[in-house]
Structures are given as structure tokens and as C-alpha cells.
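Below: the structure, in C-alpha cells.
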Amino acid sequence: MTSTQQRAALQRQIWQIANDVRGSVDGWDFKQYVLGTLFYRFISENFTSYAEGDDDGIDYAKLSDSDIPDDFKDDAIKTKGYFIYPSQLFATIAASANTNESLNTDLAAIFAAIESSANGYPSEPDIKGLFADFDTTSNRLGNTVKDKNLRLAAVLKGLAGLDFGGFDASHIDLFGDAYEFLISNYAANAGKSGGEFFTPQQVSRLIAQLAMHQQTSVNKIYDPACGSGSLLLQAKKHFDDHRIEEGFYGQEINHTNYNLARMNMFLHNINYNKFNIQLGNTLTDPHFGDEKPFDAIVSNPPYSVKWVGSDHPTLINDDRFAPAGVLAPKSKADFAFVLHCLSYLSSSGRAAIVCFPGIFYRGGAEAKIRKYLVDNNYVETVIALAPNLFFGTTIAVTVLVLSKDKPDSTTQFIYASGLFKKETNNNTLTDDHIAEIMGVFDSKENVDHFARSVPFEEIAANDYNLSVSSYVEAKDTREKVDITQLNAELKTTVAKIDRLRAEIDAIVAEIEG
């Protein structure tokens with residue numbers, strides 16, 4: 001079986017399990033149990049692989065907990081970030097899940113023990129609360145302990161039966177792929193809320209390539225509204241590991257999504273010391289101020305959300321917003337995220353940000369912020385994408401690419417609205433579409449109806465409007481009509497009608513006579 005076939009088979013199986021096991025429970029509510037169980041299996045197998053090393057004579061799962069020396073535990077936590085005793089391994093618990101009458105409380109105790117194993121170690125903030133959304137006592141699982149245990153056992157046994165192969169580099173990727181697949185499917189079925197924590201992989205791939213274009217290496221990559229971490233992880237998938245030297249950074253306001261992002265890092269084999277995901281409001285309580293600047297920033301922040309804005313007495317003096325001289329409107333925080341990204345961007349880096357299109361042409365404070373960005377030559381490219389690419393919204397979004405190291409004062413506009421493949425519920429970008437966008441982004445060539453590099457003076461004269469349609473004329477796909485030929489055809493048709501009418505009148509007159 002090829003790796004592609006194996007991935008497809010695993011994905012079909014895991015989604016079938018997720019649907020079969022949840023029963024009448026809403027899929028959105030049940031996602032934490034499937035995702036959490038997959039994570040539990042992954043870290044168990046990851047830890048077992050570490051504990052056994054290359055010694056075929058060691059079977060960690062069969063060791064007694066009391067046989068584990070303290071110095072091994074200490075080294076393991078420093079290396080892996082957490083510790084799991086043999087009795088706490090996924091395989092151990094799954095084997096007896098169907099007959100364990102205290103399964104739900106046993107799992108709760110194990111999850112608490114794994115988290116607390118990091119207490120006092122550098123990995124503590126990365127491990128703490130990872131299983132917070134895996135509530136084994138929740139009534140979502142059933143009204144009685146027996147019902148809860150039956151459903152938990154079904155999830156454990158179902159995921160235990162999946163064949164991920166040996167725990168080597170190629171098979172480790174299967175865990176991350178399965179996790180991303182599950183998140184994608186849950187997002188697709190979640191309506192509007194689905195777009196809040198997951199950016200479709202094709203769009204993520206484009207954003208990652210834009211942010212890291214022509215950079216042989218970046219110090220670190222950052223997403224200020226990271227959701228489940230899908231944008232950050234596309235950078236890992238697209239580039240060799242050595243190109244991101246210091247790791248992956250992100251902040252997320254939603255607690256569940258914050259946990260999903262941290263799990264996602266582990267499941268893609270990014271160790272705790274190579275990522276830093278923080279919980280909180282990026283705009284009013286930003287982290288990583290001491291870590292900036294970043295060579296690559298990727299983001300798909302929430303569109304036009306409300307924020308405190310001018311009601312906060314000190315934000316106008318914040319070094320992220322002060323240079324623009326004005327705050328983003330309280331009802332539309334889009335440009336607050338943009339200015340935040342710009343502040344965290346290195347002098348040689350790029351930021352690629354998915355934006356609501358209205359911010360590129362509206363007046364007021366947003367027009368003043370656009371003027372600041374253009375006057376200071378920070379806007380490299382503005383890309384109009386096709387509609388219906390995202391979960392939960394059909395709008396045609398725009399990608400803003402910021403750079404502090406532009407070679408000239410022109411701004412590129414790319415009209416990519418026609419690049420999409422129609423799927424059942426959503427449109428999607430193909431690899432060819434991404435390549436076409438990246439080709440013209442790299443060359444900065446003018447292409448009729450697709451791309452144009454516009455001088456500063458023209459944008460300033462246009463009141464700093466940055467809407468792509470203001471600079472790139474869409475191709476007229478309407479059928480061309482030859483008016484002369486159409487008039488001739490109409491003249492012939494009218495003559496035929498007149499002749500038929502005369503013939504009908506003659507017949508009627510003859511009948512009446």
C-alpha cells in the first residue's frame with residue numbers, strides 16, 4: 001500500500017469511527033474526545049519509542065511502574081517534556097477498556113498525572129491543561145458512569161485498531177495528517193464557528209509560501225491568532241526543518257483552540273522546546289514582545305470583530321499602534337491585527353495576513369492606516385482570492401503581504417478571484433493555482449487582467465485605496481455580440497413575422513367571409 005493510499009484509508013476509517021462512536025452526540029461537541037484520544041495514543045507511542053531507544057530487548061509497556069528509576073524519569077521529562085508510566089500508556093488502558101468499570105476516572109487521573117509530571121520543569125507551561133477539554137465526567141458522554149465508560153471504551157478501542165505502522169519518521173507524519181484531517185472535517189461541519197479555528201490547508205499553504213518566499217532560513221515563525229495551529233504547521237510541511245531555526249510561536253484567545261494548537265504541535269513531532277503557544281487576547285494582552293522581531297508571520301485573524309479600541313486609555317500610545325496615529329475602529333479590529341503583525345515583523349521578513357476586503361477601501365480610521373502603510377512602503381502585495389474558500393463564510397477574502405525590505409515603492413496587486421476548483425460545499429485552491437500566484441508574486445510582472453505593480457503616486461492619488469479591483473481590470477468573460485449581424489438577423493425575423501401575420505389575417509378574412 002502506498003503512503004497516499006494508507007493516508008486515505010486511515011482518514012476514512014478514523015472519520016467513520018468518530019461518527020459511529022458519537023451516536024446522538026453532536027459532532028462538534030464530541031470532537032474533543034476523538035482528537036484528545038488520538039493525541040493520547042500519539043504521546044504514548046512517542047514516549048514508548050523514546051524509552052526503548054534502539055534496544056529490541058526492552059518492552060516498556062510490560063515493565064512495572066516501580067521498575068522505573070527516578071533519574072530516567074527526570075531525563076525523560078527534560079527531553080520529552082512529560083512522563084508516562086507503563087500502566088498509563090494508551091495501549092495498556094485500551095486493552096482493558098471494555099471491562100474497566102472505572103475507566104472514566106482512571107483516564108482523568110492519568111491525564112492529570114501526565115500534565116503534573118511537567119511541574120517544575122521548563123515544559124510545564126506547554127503541558128499544563130492539555131487535557132482540559134477531555135472531560136471524562138461530562139454528560140455529553142452519557143447520563144450514567146456505565147454509559148460514559150461504554151462511549152470512552154468505544155473511542156479507545158476504535159483508535160487502537162487503526163494501523164499507523166511503526167513509530168518512525170514516515171509513520172509519525174500519519175498521526176499529524178490524521179489530526180489535521182479530523183480538524184478539517186469538524187470545521188467543515190461546524191458552520192460559522194468552524195472558520196474560527198481552522199484555515200483550509202490549501203490557503204495555509206499559499207500563506208506560508210508568501211511569508212517565507214526566498215528566505216533561505218527564518219529565525220522563527222509567528223501567528224498572533226493561531227486557532228488550531230494549521231497555518232504555522234503548513235510552514236513546517238512546506239520547508240525543511242532547518243529553515244525555521246528557533247521554532248513556532250502563536251497566541252490564541254479561545255481556550256479550546258489553544259489546547260488544540262498545542263496538541264497539533266506535538267502530533268507533528270515538534271518538541272515542547274521548539275514551540276511556544278500562549279493563551280490570551282493578542283490585541284490587549286500581547287505575548288512575545290521580548291521575542292520579536294519575527295522573520296515570518298502568518299495569520300488569518302477573525303474578520304471585523306469588535307475590540308476595545310479607543311475606549312482603552314493607553315492603546316493609542318502602544319508602540320504597535322502609535323506610529324499610525326490612529327486606532328482601528330472599535331467595531332472592526334482588522335487593522336489592529338495588521339499593525340500588530342507589522343510591529344512584530346523583522347526588517348528582512350514578511351507577513352502574510354488574510355483580511356476582510358472592506359478594510360482596503362473604507363474611509364475614516366482605516367483610510368488613515370492605509371496611508372501610513374503605503375507612505376512607509378510596507379505593502380508589498382495585495383491578493384484578491386476566490387469566494388467560498390473558507391469554512392463558515394462565502395466572502396472573497398484578500399491577502400495582505402507586508403514587508404519592511406521592499407526594493408522599490410511600487411505595490412503589487414494580484415486578481416486571483418478566478419483561480420479555484422469547485423468542490424461540493426466549498427471552493428478550493430489547487431497546487432497549480434498556488435504556483436500561478438507565487439510565480440507572479442516572485443516576478444512582479446504585469447499580466448493583463450491578473451497582476452499589476454502600481455507606483456506610489458497612483459495609489460496616493462486614489463486616496464490610498466488598496467482594493468485590487470481598482471488597479472487590475474477583471475477580464476470580460478461575457479459573450480461578444482456582433483451588433484451589425486444581430487440587427488440583420490432581427491430584420492429578417494421581423495420580416496418573417498410580418499409575412500406570417502399577413503397570411504394569418506388573410507386566412508381569418510376568408511373564414512369570416
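The values are calculated or read from the model by the stated rules, or taken from the named source; none is laboratory data. Just so it is clear, the structure is predicted and the values come from calculations on it, not from any experiment. Using ideal geometry, Cβ is built from the backbone for each residue, glycine included, and neighbour counts are taken over all protein chains shown. Just the protein is used for accessible areas: all its heavy atoms, side chains included, with ligands, DNA and RNA removed. Shrake-Rupley method; radii C 1.70, N 1.55, O 1.52, S 1.80 Å.
Using the alpha-carbon atoms, what tilt in degrees (0 to 90, nearest 10) does helix 145-160 show relative to the longest principal axis of the chain? So the inclination is approximately 80 degrees. Accessible surface area normalised per residue over the chain is 46 Å², counting heavy atoms of protein chains with a 1.4 Å rolling probe. When only alpha carbons are used to place a centre, the range 266-323 and the range 76-110 end up 35 Å from one another.
State whether the range 281-358 is rounded, prolate or oblate according to the following rule on the C-alpha gyration tensor (a ≥ b ≥ c being the square roots of its eigenvalues): a/c under 1.5 gives rounded; otherwise a/b larger than b/c gives prolate, and the remaining case gives oblate.
Numbers: a/c = 1.85, a/b = 1.25, b/c = 1.49.
The shape class here is oblate.
Compared with the dominant principal axis of the Cα atoms in the chain, helix 431-443 is inclined by about 70°. Pairs over the 31 Å Cα-Cα cut-off, from the set Lys157/Lys220; Lys236/Lys368; Lys78/Lys237: Lys157/Lys220; Lys236/Lys368.
Calculate how many DSSP beta bridges within the chain are antiparallel, expressed in % of all such bridges and rounded to the nearest 5. Walk me through the intermediate numbers first.
Working: 19 of 39 bridges.
Of the beta bridges lying entirely in the chain, close to 50 percent run antiparallel.
In the chain, the DSSP-assigned H stretches of four residues or longer account for a calculated mean residue ellipticity at 222 nm of -14000 deg cm²/dmol, using -39500 (n - 2.57) per stretch and the full residue count as denominator.
Rank these residues by their accessible area, most exposed first, probe 1.4 Å: Lys78, Lys422, Lys491, Lys73. Before the final figure, lay out each step's value.
Details: Lys78 110, Lys422 135, Lys491 155, Lys73 60 Å².
Ranked from most to least accessible, the order is Lys491, Lys422, Lys78, Lys73.
Straight-line cross-link partners of Lys480 among the lysines, defined as a Cα under 21 Å from its Cα and at least 8 positions apart when in the same chain: Lys491.
Looking at the range 202-251, which trypsin sites (Lys or Arg not before Pro) are DSSP coil and have at most 16 other C-beta atoms within 10 Å of their C-beta? Mind dumping the intermediate values first?
Values: sites: Arg205, Lys220, Lys236, Lys237, Arg243; in loops: Lys220.
Sparse-neighbourhood loop trypsin sites (Lys or Arg not before Pro): none present.
For helix 169-188, what angle does its Cα long axis make with the longest principal axis of the chain, in degrees from 0 to 90 and rounded to 10? Tilt relative to the chain: about 50 degrees. Taking the 1.4 Å solvent-accessible surface of the range 435-498 as the whole, the part contributed by carbon and sulfur is 51%.
Going through (1) 252; (2) 158; (3) 138, the figure that equals volume of the Cα convex hull per residue in Å³ as computed for the structure here is (1).
Residue ranking by accessible heavy-atom surface, 1.4 Å probe, largest first, among Arg262, Arg22 comes out as Arg22, Arg262. Distance from the C-alpha centroid of the range 124-155 to that of the range 389-438: 40 Å, rounded to the whole angstrom.
Rounded, prolate or oblate: which fits the range 201-470 when a ≥ b ≥ c are the square roots of the eigenvalues of the alpha-carbon gyration tensor, with rounded for a/c under 1.5 and prolate only if a/b beats b/c?
Rounded.
Listed by chain and number, the aspartates and glutamates placed with their C-alpha closer than 20 angstrom to that of Lys496 are Asp505; residues fewer than eight positions away on the same chain are left out.
Ranking of Val447, Val397 by solvent-accessible surface, largest first: Val447, Val397 (1.4 Å probe, protein heavy atoms only, all chains present).
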